[in-house]
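> Here it is, the structure in full.
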Amino acid sequence: MARYDLVVIGGGSGGVRAARIAASHGAKVAICEEYRYGGTCVIRGCVPKKMMVYASHFAEEFHDSASYGWSTTINGFDWSTLIANKDKEIDRLNGIYINLLKNAGVEIFHGTGSLVDNKTVKIGDDEITTDKILIATGGNPYMPPIDGIEHAITSNEVFHLESQPQSALVVGGGYIAVEFAGIFNGIGTETTLIYRGDQILRGFDQDIRDHLAQEIVKKGISLELNNNVASITLLENDKRRVTFTNGDVKDVDCVLFATGRTPSTDSLTLANAGVVLGRKGEIIVDAYSRTNIENIFAVGDVTDRIALTPVATMEGHAFADTFFGGMERLADHDNVPSAVFSQPPVGSVGLSTEQAKKAFKNIDTYTSEFKILKHTLTENSERTMMKLIVDADSDKVVGAHMVGPDAAEIMQGIAIAIKAGATKTHFNSTVGIHPSTAEEFCTMRNKD
């Protein structure tokens, strides 16, 4: 029976980073993955989704280019070409992840890992023993128990649709739902986004939520709030007849549920080792990613802390440095920036207005809404919004938010400033790059 210093279950971003770094510190490491190395983000998440977002932008770009003197003829969109090229790139990335592990000296297993006890991992017919176990199995899309749910798909299957749906219903109000609604709409699919709440992107700043909702409707998405799916029926023409909770009925080619994700723990047999789970099935860990069992750890979405790929990577790296590199460090979950690749995209870091009001006695907010320079020659009515939130007593910027082109790229730089403790005075005294959209963060002077 093989003996290791560390066995990692899950070959996504967090697990791969932890395995590589631990091996670089001299540990004997094994890793197993039941699907493809790269995890949700690389294989069927952020990366292929961003490729589809790029694809969906071109129709609007072609249309706007006429105002800049270009004569463009659009001969239609070919779904199969996009999917084939996307698959080719994902295959390449999968190979890169495998090679990274091999080059680091990590032993690779293909199969579902489960716990025999706190020192033994079973992978297929093999059992391997180890000093430490790291679980990095991520999460799975949640499908609600409604009649006909088998006729719907999730974000896992949408990347492999054989043909472009002519009409689609996207269910949910989070970033995955909003992003795929934009993708479908951008490539010409008649798209409806339905959400049971009163506004999309719960947890984001309210002004940002409201602004984005207005913009996606302007772009052609039909937005249904305070409504939900009651049942789905498959019709003879292969359409899905969806009945809503308000009694309305709609026939569509595709129903995509993006109603949250659940920690992937079902196949791990954690009870064999006594690992404690939380209310939502997440693995409970401390600040060092340690479970209630001394030698078992977990990182990434399976812990339900912050479900973002770079966060899982950070947690995996911190774990490896701490327990194998002699460099104790904690994963820092404060002021983590994020983006929603909606159309237009959203960038955010720090506190929302609602959160800041609870955290500080006095806050100041600064908001700017405008049409960016690129659109001034066109008929494009899209408007950008930017917002800064300041602790009035210390002048420290505690939140920054944006809806508009390049929001993610701009917010990455703003996040560094906020992480460093920048004040509004620092923002005011920084010379803006002109003409640019980002300079607006340096010129906002009037409080809301």
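The values are calculated or read from the model by the stated rules, or taken from the named source; none is laboratory data. None of these values were measured; they are calculated from a predicted model. Every residue, glycine as well, gets a Cβ built from its backbone with ideal geometry; the counts of neighbours run over all protein chains shown. We work out accessible area using only protein heavy atoms, side chains counted, and drop any ligands, DNA or RNA first. Shrake-Rupley method; radii C 1.70, N 1.55, O 1.52, S 1.80 Å.
> Considering only region 277-290, how many residues are in contact with a Ser or Thr (Cβ under 8 Å, 6 or more places away or on another chain), open to solvent by 20 Å² or more (accessible area, probe 1.4 Å) and modelled with pLDDT of 95 or more?
Total satisfying the criteria: 5.
> If Pro337 passes every condition in (1) in contact (Cβ under 8 Å) with a residue 60 or more places away in the chain; (2) out of contact with any Ser or Thr (no Cβ under 9 Å at 6 or more places or on another chain); (3) within 30 Å of Lys218 (Cα to Cα); (4) surrounded by fewer than 22 Cβ atoms within 10 Å (Cβ to Cβ) but one, which one does it miss?
(2)
> Would you please list the contacts, defined by Cβ atoms under 6 Å and residues six or more apart or on different chains, that run from a residue in region 412-423 that is closer than 14 Å to Asp395 by Cβ to a residue that is among the small types (Gly, Ala, Ser) and surrounded by 15 or more Cβ atoms within 10 Å (Cβ to Cβ)?
Cβ pairs passing all conditions: Ile418/Gly350.
> Separate question: If you take the residues of region 30-40 that are open to solvent by less than 20 Å² (accessible area, probe 1.4 Å) and under 18 Å from Ile96 (Cβ atoms), which of them is farthest from the chain's Cα centre (by Cα)? Steps first, answer last, please.
Narrowing region 30-40 to residues open to solvent by less than 20 Å² (accessible area, probe 1.4 Å): 30-32, 37-39.
Within this subset, residues satisfying the condition of being under 18 Å from Ile96 (Cβ atoms) are 31, 37-39.
Numbers: Ile31: 24, Tyr37: 18, Gly38: 15, Gly39: 13 Å.
Only one residue fits best here, namely Ile31.
> In addition: Just the residues that are open to solvent by 30 Å² or more (accessible area, probe 1.4 Å) and in a helix (DSSP H, G or I), please, taken from region 291-310.
Matches in region 291-310: Asp301, Thr309, Pro310.
> Cβ contacts < 8 Å: first residue part of a strand (DSSP E or B), restricted to region 127-152; second residue among the aliphatic types (A, V, I, L, M) and open to solvent by 30 Å² or more (accessible area, probe 1.4 Å), any location; separation 6+ or different chain. Result?
Close Cβ pairs satisfying both conditions: Glu127/Met1; Glu127/Val116; Ile128/Met1; Ile128/Ala2; Thr129/Met1; Thr129/Ala2; Gly139/Ala307; Asp147/Ala230.
> While we're here: Search region 367-404 for residues being of a type in the set (Asp, Glu) and more than 28 Å from the chain's Cα centre (by Cα), and hand back the single one that is least open to solvent (accessible area, probe 1.4 Å). Walk me through it before giving the result.
Going residue by residue through region 367-404, those that are of a type in the set (Asp, Glu) are 369, 379, 382, 391, 393, 395.
The next check asks that each one be more than 28 Å from the chain's Cα centre (by Cα); those that pass are 379, 391, 393, 395.
Values: Glu379: 162, Asp391: 17, Asp393: 106, Asp395: 46 Å².
Across region 367-404, the extreme among qualifying residues is Asp391.
> Moving on to the next point. Would you confirm whether any residue within region 104-112 is within 29 Å of Val275 (Cα to Cα) and among the aromatic types (Phe, Trp, Tyr)?
Among the residues of region 104-112, at least one is within 29 Å of Val275 (Cα to Cα) and among the aromatic types (Phe, Trp, Tyr), which makes the answer yes.
> Just to check your reading of the model, which residue among Thr378, Thr313 is out of contact with any strand residue (DSSP E or B) (no Cβ under 9 Å at 6 or more places or on another chain) and assigned to a helix (DSSP H, G or I)? Spell out the reasoning first.
Numbers: Thr378 fails: assigned to a helix (DSSP H, G or I).
Testing whether each residue is out of contact with any strand residue (DSSP E or B) (no Cβ under 9 Å at 6 or more places or on another chain) and assigned to a helix (DSSP H, G or I) leaves just Thr313.
> List the helices (runs of 4 or more DSSP H) inside region 1-112, counting only whole elements, that have at least 1 residues being in contact with a His (Cβ under 7 Å, 6 or more places away or on another chain) and over 30 Å from Ser167 (Cβ atoms).
On the way: elements: 13-24, 39-44, 46-65, 79-104.
Result: 13-24.
> For region 38-95, which residues satisfy the criterion of being closer than 25 Å to Ala307 by Cβ, of a type in the set (S, T, N, Q) and at pLDDT 95 or above?
The answer is Ser56, and nothing else.
> Could I ask something else about it? Within region 75-108, can you find the residues that are touching a strand residue (DSSP E or B) at 6+ places or on another chain (Cβ under 9 Å), open to solvent by less than 30 Å² (accessible area, probe 1.4 Å) and of a type outside the set (Val, Ile, Thr)?
Within region 75-108, just Leu101 meets the criteria.
> So, in region 424-443, of the ones that are touching a residue at least 24 places away in the same chain (Cβ under 8 Å) and over 20 Å from Asp364 (Cβ atoms), which residue ends up farthest from the chain's Cα centre (by Cα)?
Selected residue: Pro435.
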